[in-house]
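Values quoted throughout were computed directly from the atomic coordinates according to the rules given, and no laboratory measurement underlies them. The model shown is predicted, which means the values in this text are computed figures rather than measured ones. Cβ placement follows ideal geometry from the backbone for every residue including glycine, while neighbour counts extend to all protein chains displayed.
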Amino acid sequence: MEKISVKIDGRTFEAAKDQCILEVAHENGIYIPSLCYNSEVASSGGSCRVCLVEAHQGGRMRLVTSCNYPVRKGLEVKTDTPLVHRIRRGVLELLMARVPDSEAIREMAAAEGPTDVRFRLDEGEYDRYKCIACALCTNVCADVVGVFAIGMVNRGADKKPDTPYGKPSDVCIGCGACAYACPTGAITMKEKDGVRRIWGRDFDMVTCSVCGTPYIPQAQVDWIVRTTGKDRSFFDKCPDHR
Amino acid sequence: MGAINTIEQLEAYRQEIAAGIKADLPTVLVCFGTGCQANGARPVAEAFSDIIEEQGLELNVNIGIKTTGCHGYCENGPLVALQPQGILYLKVKPEDVAEIVEKTIRSGEVIERLIYQDKTTSDMVAEYSEIPFYKHQHRIALRNIGAIDPTNIDDYILAGGYSGLVKALGMKPDDIITEIEDSGLRGRGGGGFPTGTKWRSCVAVDSDVRYVMCNCDEGDPGAFMDRSIMEGDPHSVIEGMIIGALAMGSHTGYVYIRDEYPLAVKNLTSALEAAREKGLLGESILGSGFDFDIKISRGGGAFVCGESSALMRSVAGEVGEPRAKYIRSVERGLYDKPTVLNNVETWANVPEIIMKGAEWYAGLGTEGSKGTKVFSLVGKVNNTGLVEVPMGISIRELVENIGGGVLNGKKFKAVQTGGPSGGCIPERLSDLPVDFDSLTEAGSMMGSGGIIVMDEETCMVDVAKYFINFLVEESCGKCTPCRDGLPRMLDLLTDITEGRGGEEHVAMLEELCDLLTWGALCGLGTSAANPVLSTIKYFRDEYDAHIFDKKCPAGVCKELITYAIDPEACTGCRLCAKNCPQECITGERKEPHVIDTAECIKCGLCRDVCTFDAVRIS
Amino acid sequence: MTDVTQFDSIIDRYERSEESLLAILQDFQREFHYVPEEGIRRLSEVMEVPESKIYAMGTFYKALSLTPRGRHTIKVCTGTACHLKGAPQILETLERELEVKRNGTTTDGEFTLECVNCVGACAMAPLTVIDEEYHGQTRSSKIMDIVKKRAES
């Protein structure tokens, strides 16, 4: 793999060409906050805008999202400038106004300074709860799991992840990847008496024959068996007792 | 005649068409643009057909009737032009047709009632080319519009169409690009990026597949040149795209077109079919061995799809969300292949540049903005319509000379350019030359060329609110600053227009403008500040009047105005009282009426119906 | 079970490609005056495209509606020129007289009231498009007469 050197906050690092700034920074112990990006999910990133940094190249400076800006030869990145902090604070203030219940957003904002929200809180048509509409959940469902049970619906301020028509999805396998990936814990997944409830649908859980813990939805097992040809008996035991 | 297989055959065919037409044949050109059709052009054309059929023998001449694309002077439709006389009749009704045939066509007499009369000088002008609206124009992109039937490919070929393609087929692809580079042509869709440079970057990328695309998702409210070109001269765009494809070695083209333009979609569809039939599209164009065809993709009513990356996703059958353009679409565009996207007007210029040469084109316009630009002059102006003039013309010339000044003799306040990404330029700067760089410097932008004239009755805070509201509805919702910042801006502007504004409102607006400019993902968000910042910059007094005096000087913002009847002007005709939905206007017949302001909902119906201009806003 | 042939006859007009999805949805809209849920499901099956993707398109593009529209559609052009020349008053009058909010349908199912972003006929501002008919220089005091006339036709 082609290696290039890139300057971040005055220090020079070696990086793989086309690696994103955020990863190079994190690998080298430079913190840049991020919400909508997950390195395992190819299509994620670019939407929440909290990871904006200054990219200087060819005598030009612009703010770029470090999660999807590929490092190139001669690139100089600044993550700790007044402009970066000003815009990041602005973004976080908007997010706090949108989802006042989210601890994750509040904590991130507190790290940036004042946490008061001057804007009127938005009363949308639906309960936004903690969702910042970053699309990480739908990207996980599509790119990683591959079932496309949820998608980003509507536009503008009403954009949100949902199943078609908000009805329990036929194709959802109840795997919960969306809930695990969500940066603000906005997706409710509850388990009770061997039944998991997510996106309005109940999933019967398969119980581990050793420890008796319900650990995977039957629908997910069916789906793995169908798509990979794995033997069904494999799922008799939970990962801890296989 | 079927497919044309060689360049020589095309020239022979052109001569064949010419031979079939007598030069002095009287021709009636009825404008069939969206505007004229809505104003009743169809019955006028039918009346001509009927009368010609009826009087056919008696007249003893053939009359050609052509339904053409938009002449641009939509304010005065339906428009009928007569050739060879070169006369233009305005606001023609079916009942005028017999007289036109009788007087003008048979005896060459001009019907004064139907010709243009200058609103300020009262001069009567019959000749098309002498009407001030047309006189100052220099038509390149609009060269054929109004003169040819867009549904007849022969018309286009006769007018010299596809000659640019013939010439290009004899050129090296690299030389075609050089020609476009040297012409100085910059993208007419808004950004003003040099077209030749774009093409050059596209061919520099190693790939076996490339796409050329045409953006006809004309979204800027108040701009309709792309609609007009697609309706009136679709072959000019097709020819431009074929030349571009030839230069870049592309075999597939796409036109992304607004579905809200049904006539444009129809005329483009039939033009593509005609071009295929004639061998101008498809395999081995004109026997050259070069294959290229064009697909149509209809937009779904989303302004953001005018943004290149969103447009490409929409073409591919997805939600039209933009993506970060850290890798440009000339490198990785549609289906991640090198893609050149130009707008309708840009493509329409290409054949002419190839035909007449880069030097000719570069000789027009200004240093940084070459050639001509089509503007749509709309709003509070006397002559509304499309005008094509060399770049660098001043705003004042546009509004006063071509536009005939502000409507109803009101005071000229500002022009808005560039749609929701642009800004408002005040009257005192109207000697500013209209070109890409001057407009940007003034805090606005060229955009696609909409020029919206505003008068003293236009509230600039309301205009800013209008555009932000537009953007709130059109934001795709992907990035935080745009999705959540714009509604906050709208809240602040609504507060100001409803009398709840404080000093801090303007500061907070400026802060949000800064956030969007730096932080938003695509052009929709990064340019959203312009309508707000430009109005704050040039019309701060109006913001202050709303905030501190709780007044709307232009009399627009409902919460800050009251309606009253001027007893001097009121004749007591009762019309307002009859129309008032609140039934809150009282008064005896022939006595001055009074509005009960406590009940009044400020709907404005009374003012709308009053023929004595007695209802006043204060 | 819904009759899928009505959807298939539209789907069959187009290439089996994701590029055709938006066009097919627009044709559904034209044919049924909205995009029916069964139509999305059928399209998903035939094209082998996830339903969530097509549904997302249905919610994103303004030209598509997921709920049935009225017998007539009134579109008030809210382009800039129309805005300056009185479109807000026209919209307000229609909302008041028809007792419906924008993007809503009257309770009798007769009219759907929509706004459209500039139809490029600014010379006729303010403009109202009823079904496919353009009405230029509309005035708030006359708009209801035009609408009533349309209802009778």
Q: Please sort by residue number the trypsin sites (Lys or Arg not before Pro) in the range B:239-291 whose DSSP state is loop and whose Cβ has at most 16 other Cβ atoms within 10 Å.
A: none
Q. Spin-label point model (7 Å from Cα, Cβ direction): what's the C:L66 to A:Y165 distance in nm?
A. 1.0
Q.
Applying a 10 Å radius around every beta-carbon, put A:40-48, B:173-181 in order of their mean neighbour count, most first.
A. A:40-48, B:173-181
(Q) Among B:L512, B:G477, B:P487, whose Cα projects farthest towards the positive end of the dipole of the range B:461-548, with charges put on the beta-carbon of Lys, Arg (+1) and Asp, Glu (-1)? (A) B:G477
Q: Work out, in µm²/s and without decimals, the Stokes-Einstein translational diffusion coefficient of the range A:3-80 at 20 °C, 1.002 mPa s, Rh from Kirkwood over C-alpha pairs.
A: 175
Q. Reachable lysines from B:K578, Cα under 19 Å, same-chain residues fewer than 8 places away excluded?
A. B:K590, B:K602, C:K142, C:K148
Q) Averaged over B:85-94, how many beta carbons belonging to a partner chain fall within 10 Å of each residue's beta carbon? A) 0
Q.
If you take every residue apart from B:E16 with its C-beta less than 14 Å away from the C-beta of B:E16, what net charge results, scoring Lys and Arg +1 and Asp and Glu -1?
A. -2
(Q) Please compute, for the alpha-carbon atoms of the range B:562-617, the extent along each of the three principal axes and give them in descending order in Å. (A) 24, 19, 16
Q: May I ask you to compute the full-extension gain from B:Q582 to B:E11, defined as 0.36 nm times their residue separation minus their alpha-carbon distance, rounded to one decimal in nm?
A: 198.6 nm
Q. About its Cα centre, what dipole magnitude does the range B:153-362 give when the only charges are +1 on Lys and Arg Cβ and -1 on Asp and Glu Cβ, stated in debye to the nearest 20?
A. 400
Q.
Students often get this wrong: which residues of the range C:58-80 have the backbone nitrogen under 16 Å from the point 7 angstrom along Cα-to-C-beta of C:E38?
A. C:67-68
Q: Work out the length of the dipole vector of the protein assembly as shown about its Cα centre, built from +1 on the beta-carbon of each Lys and Arg and -1 on the beta-carbon of each Asp and Glu, and round it to the nearest 20 debye.
A: 1740
Q | Loop chymotrypsin sites (Phe, Trp or Tyr not before Pro), the range A:1-104 (other Cβ atoms within 10 Å of the site Cβ: 13 or fewer; DSSP) | A | A:Y31
Q | Cα-based Rg of the protein assembly as shown normalised by 2.2 N^0.38 Å, two decimals | A | 0.99
Q) Excluding same-chain residues fewer than 8 positions from B:K167, which lysines have a Cα within less than 16 Å of its Cα? A) B:K356
Q. With the Cα gyration tensor of chain B giving a ≥ b ≥ c as the square roots of its eigenvalues, does the rule (a/c under 1.5 for rounded; else a/b larger than b/c for prolate; else oblate) give rounded, prolate or oblate?
A. oblate
Q. From the square roots a ≥ b ≥ c of the eigenvalues of the alpha-carbon gyration tensor of the range B:24-128, which class results: rounded (a/c under 1.5), prolate (a/b over b/c), or oblate?
A. oblate
**Q.** Phi-based couplings in Hz for the range B:195-203 (Karplus 6.51, -1.76, 1.60; Gly and Pro marked x)
**A.** 4, x, 4, 4, 4, 4, 5, 5, 6
Q: Sequence neighbours fewer than 8 away in the same chain don't count; with that in mind, list the lysines whose C-alpha is under 17 Å from A:K190.
A: A:K130
Q: Distance check, please: which entries in B:K325/C:K62; B:K325/B:K373; B:K66/B:K91 exceed 19 angstrom between their Cα atoms?
A: B:K325/C:K62; B:K325/B:K373
Q | Cβ-placed point charges (K, R +1; D, E -1), dipole of chain A about Cα centre in debye, nearest 20 | A | 540
Q. Which of the trypsin sites (Lys or Arg not before Pro) found in the range C:66-153 are in a DSSP loop and have at most 12 neighbouring Cβ atoms, other than their own, within 10 Å?
A. C:K101
Q: State whether the range B:153-362 is rounded, prolate or oblate according to the following rule on the C-alpha gyration tensor (a ≥ b ≥ c being the square roots of its eigenvalues): a/c under 1.5 gives rounded; otherwise a/b larger than b/c gives prolate, and the remaining case gives oblate.
A: rounded
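Between B:S49 and B:D293, what length in nm is gained on full extension when 0.36 nm per residue of separation is reduced by their alpha carbon distance? All intermediate terms of the calculation are to be shown ahead of the outcome.
Values: separation 244, 0.36 × 244 = 87.84 nm, distance 3.63 nm.
Extra length from B:S49 to B:D293 when fully extended: 84.2 nm.
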Q | Local electrostatic count, B:Y156, Cβ distance below 11 Å [Lys/Arg +1, Asp/Glu -1] | A | -2
(Q) Taking 4 °C and 1.567 mPa s as the conditions, I'd like the Stokes-Einstein D for the range B:372-458 in µm²/s, using the Kirkwood hydrodynamic radius from alpha carbon pairs. (A) 105
**Q.** Label-point separation in nm, B:R42 to A:T227, each point 7 Å along Cα→Cβ
**A.** 5.2
Q: Calculate, for B:F193 and B:S129, the FRET efficiency according to 1/(1 + (r/R0)^6) with r their C-beta to C-beta distance and R0 51 Å; round to the nearest 0.05.
A: 0.90
Q) In nm, to one decimal, how far is the modelled label at A:D101 from the one at B:E331, with both set 7 Å along Cα→Cβ? A) 4.3
Q) From the residues A:Y69, A:S39, A:G59, which one has its Cα farthest along the dipole of the range A:37-91 in the positive direction, the dipole being from +1 and -1 charges on Cβ of Lys/Arg and Asp/Glu about the Cα centre? A) A:G59
